[in-house]
């Protein structure tokens, strides 16, 4: 009788072990099948001003994305102030200039927030568009040289600095040459 109880206990343990193993394999297969696809290596930002979608690499800072979008805007188009993640029925999430753009998943969309969204054209008048420089054929941005000319005032300042340097050096030299005489003169009164 004890032998039958031991056999039943061993078989029950084996069945339990087999059941746990099968359940673990089933969960592993379910997680492979039902797992969401990995996020794309880029983020899409819907730009209201351009009417286009801009793509940015994962890890891009919002300030960089805003400046890049603003460069593409036509003259007179409202400026992009920041980027928001929006979803129907949810409070929008605003990205500051140093925040990294993040895709929040289901039904969340990244879109631009413009000056007009704040309530009008009046505030847009405070912004000035920096014109793009184009090459002579207009196909690409022109390369600009940042080499300012040397002015007369700059040369005069350098000359005055050298004169002051030599005057200061000469005064120290004279003081050191006459130091022994000064010491003797002071000692003669004592």
> Given R₀ = 45 Å, FRET efficiency for residue 154-residue 179 by Cβ-Cβ distance, to 0.05?
Replying inline: 0.70
> Which order do peptides 86-93, 180-187 fall in by mean Cβ count within 10 Å, highest first?
Replying inline: 86-93, 180-187
> How far apart, in nm, are two points set 7 Å out from the Cα along the Cα-to-Cβ line at residue 188 and at residue 16?
Replying inline: 11.6 nm
> Computed FRET efficiency, Cβ-Cβ of residue 75 and residue 106, R0 30 Å: what is it to the nearest 0.05?
Replying inline: 0.20
> Rounded to the nearest 0.05, what FRET efficiency is calculated for residue 67 and residue 29 with R0 set to 45 Å and r the Cβ-Cβ distance?
Replying inline: 0.45
>> Need the full-extension length gain, residue 166 to residue 60, defined as separation in residues times 0.36 nm minus the C-alpha distance. One decimal, nm.
In response: 32.7 nm
> Along the three principal axes, how long is the stretch 42-126 when you take its alpha carbons, biggest first, rounded to the nearest angstrom?
Replying inline: 35, 28, 23
> Is the shape of the stretch 69-114 best called rounded, prolate or oblate, per the rule: a/c under 1.5 gives rounded, else a/b larger than b/c gives prolate, else oblate, with a ≥ b ≥ c the square roots of the Cα gyration tensor eigenvalues?
Replying inline: prolate
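Read the figures in this text as sums done on the coordinates, not as results from a lab. The structure displayed is predicted, hence computed values, not measured ones. Because the Cβ atoms are built from the backbone with ideal geometry, glycine has one as well, and the counts that use them run over all protein chains shown.
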